[in-house]
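Only one structure is covered here, and it is reproduced in the block below.
The values are calculated or read from the model by the stated rules, or taken from the named source; none is laboratory data. Keep in mind the model is a prediction, meaning the values are calculated, not measured. Positions of Cβ are generated from backbone atoms using ideal geometry, with glycine treated the same way; all protein chains shown enter the neighbour counts.
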């Protein structure tokens, strides 16, 4: 390896560690609701207590599994938490949190292998119209 390649590789490592540190810092901050632990989803949503529709999505953005309609957001979140726990997802980034939609994605993506993009990547809950 040339000295330039070594410096470039070290710089890339520093950037990766800095991004990981920023994500973990946001996760540890109790006032920041953009990155939360999966078990905090039930208390962080802004959805009304009404029937909701929930679905799970792959990392690629395609539908992973249609969870169907639930009596309220808490029942839907309980099912999502079970799926996330099975997939080893401990923390999520909240992309949308309003009375019309609650959307989260996994905080750390698994990159590589032939299952690229096929793994569980997020969830979406919307009130039934």
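Quick notes on this one:
- Looking only at residues in the range 109-129 that are under 13 Å from residue 52 (Cα atoms) and not in a strand (DSSP E or B), the one that is modelled with the highest pLDDT is 128.
- In the range 34-48, the residues that are surrounded by fewer than 15 Cβ atoms within 10 Å (Cβ to Cβ) and either part of a loop (DSSP other than H, G, I, E, B) or at pLDDT below 85 (or both): 34, 46, 48
- Within the range 69-91, the only residue that satisfies the criterion of being part of a strand (DSSP E or B), at pLDDT 90 or above and buried (at least 18 other Cβ atoms within 10 Å of the Cβ) is 70.
- Residue match in the range 1-24 (condition: farther than 17 Å from residue 90 by Cβ, modelled with pLDDT of 85 or more, outside the structural domain of residue 102 (by TED's automatic domain parsing) and not in a helix (DSSP H, G or I)): yes
- First in the range 92-108 and outside any strand (DSSP E or B), second anywhere and loosely packed, with under 13 Cβ neighbours inside 10 Å, Cβ under 7 Å, 6 or more apart: 99/48
- Test: residue in the range 49-68 that is touching a helix residue (DSSP H, G or I) at 6+ places or on another chain (Cβ under 6 Å) and modelled with pLDDT under 85: no
- Note on the range 66-84: residues that are closer than 17 Å to residue 44 by Cβ and out of contact with any strand residue (DSSP E or B) (no Cβ under 6 Å at 6 or more places or on another chain) total 7.
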